[in-house]
Amino acid sequence: MAAKRKAFITGITGQDGSYLAEILLERGYEVYGMIRRSSSFNTARIDHIFGELELVFGDLADGSAMNQLMRTIRPDEVYNLGAQSHVRVSFDIPEYTVDIGALGTLRLLDAIREEGVRCRFYQASSSEMFGQAREVPQNEETPFHPRSPYAAGKVFAYWITRNYREAYGMYAVNGILFNHESPRRGPTFVTRKITRAVGAILRGEQDELRLGNLDAKRDWGYARDYMEGAWRMLQAEEPDDYVLATGEAHSVREFLEEAFSYAGLDWRDYVKIDPRYFRPAEVDLLVGDYSKAKQKLGWEPTVRFHELVRMMVDHDRERRTTEEHYL
């Protein structure tokens, strides 16, 4: 019997990591997930598959740990999803954000190279790299103009991934993913903040919701679809970079309208604008062109905006207040 393929995931306890782990397990992989040591458990998103995974301690800030993990596991596929991924917070902790997002990627790539691991590498790149985009929609050829420390770090990670592909012949790809949400999205991200508030208001636990810029427009898709796309990128014959998106832009105000009206509420009765939630440099419009991924990978989104919002509201309607805060 052929040996199982091994996959190594950084950021496995996050939204994307949990969906990717499920997808890989369904396909018969042996899955290793890197977690950081913490005094409290943050594994709620993967608790339902806990017994099927191999969790290992490590940190993208620790190059020697990366080398040791690559040397001992010798994975067939590596998915680098680990990051300080909150754009607004990256303005408050820029050095840490860039250290993990940019240099963390370099440490992992170099560990693969130094240990001679013949694997395929996926880098989680971001639509935030386009920032103040010169064209709409954005595709793989659109120039980058990052507008946050998070985005600037992601631009470095994108180029170092391409550099290792070109310099060392590594199978290394960038998935340029536009915003992707789900019931597992962290509670401080605007979409989840909105749907959690809807649930709390319906239960009488909350009477207002504070938000920042309601005019920002984003291309919102379903996280599990995008992790399916990430897997497909590593199955292609040749390594390449791909945009994953829905091709539709919706404002935060539209997300509010859809979420609250679906629950029979008027968002204007509850929402207060709070200057604390505005970014020092805003990104007004991001919308992606996924035609390359559709043509070369056979990928396209299965869940669209309205269905996504309702899926999240349904989950947060049922969520009990005693549950872990990020689920």
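Give me a count of the residues in the range 188-213 that are closer than 13 Å to residue 252 by Cα and assigned to a loop (DSSP other than H, G, I, E, B).
Selection size over the range 188-213: 3.
Hey, could you check the range 85-95 for residues that are in contact with a Ser or Thr (Cβ under 9 Å, 6 or more places away or on another chain) and modelled with pLDDT of 95 or more and say which is farthest from residue 33 (Cα to Cα)?
91
Only one of 224, 276 is outside any strand (DSSP E or B) and surrounded by fewer than 17 Cβ atoms within 10 Å (Cβ to Cβ). Can you tell me which?
On the way: 224 fails: surrounded by fewer than 17 Cβ atoms within 10 Å (Cβ to Cβ).
Sole residue among the options that is outside any strand (DSSP E or B) and surrounded by fewer than 17 Cβ atoms within 10 Å (Cβ to Cβ): 276.
So residue 3 ticks every box in (1) among the aliphatic types (A, V, I, L, M); (2) touching an Asp or Glu at 6+ places or on another chain (Cβ under 7 Å); (3) assigned to a loop (DSSP other than H, G, I, E, B) but one. Which box is left unticked?
(2)
Can you tell me which residue within the range 19-36, out of those that are more than 19 Å from residue 123 (Cβ to Cβ) and touching a helix residue (DSSP H, G or I) at 6+ places or on another chain (Cβ under 7 Å), is surrounded by the most Cβ atoms within 10 Å (Cβ to Cβ)?
Selected residue: 22.
Would the range 50-58 turn up any residue that is more than 20 Å from the chain's Cα centre (by Cα), closer than 23 Å to residue 96 by Cα and modelled with pLDDT of 95 or more?
Within the range 50-58 (the criterion being more than 20 Å from the chain's Cα centre (by Cα), closer than 23 Å to residue 96 by Cα and modelled with pLDDT of 95 or more), the answer is yes, since at least one residue qualifies.
Looking only at the range 126-147, filter to residues that are buried (at least 24 other Cβ atoms within 10 Å of the Cβ) and in contact (Cβ under 8 Å) with a residue 60 or more places away in the chain; which one of those is farthest from residue 72 (Cα to Cα)?
So the residue we want is 138.
Out of all the residues in the range 243-276, which are within 30 Å of residue 165 (Cβ to Cβ) and out of contact with any Leu (no Cβ under 7 Å at 6 or more places or on another chain)? Show your work before the answer.
To start, the set of residues in the range 243-276 that are within 30 Å of residue 165 (Cβ to Cβ) comprises 243-247.
Hits for the range 243-276 are 243, 245, 246, 247.
Is there a residue in the range 170-187 that is farther than 24 Å from residue 18 by Cα and modelled with pLDDT of 95 or more?
Yes, the conditions are met somewhere in the range 170-187.
Residue 240 - would you say it is in a loop (DSSP other than H, G, I, E, B), in contact with a helix residue (DSSP H, G or I) (Cβ under 8 Å, 6 or more places away or on another chain) and either touching a residue at least 40 places away in the same chain (Cβ under 8 Å) or surrounded by 20 or more Cβ atoms within 10 Å (Cβ to Cβ) (or both)?
Yes: the conditions hold for residue 240.
The values are calculated or read from the model by the stated rules, or taken from the named source; none is laboratory data. Just so you know, these numbers come straight off a predicted model, no measurement behind them. Cβ atoms come from the backbone with ideal geometry, glycine included; neighbour counts cover every protein chain shown.
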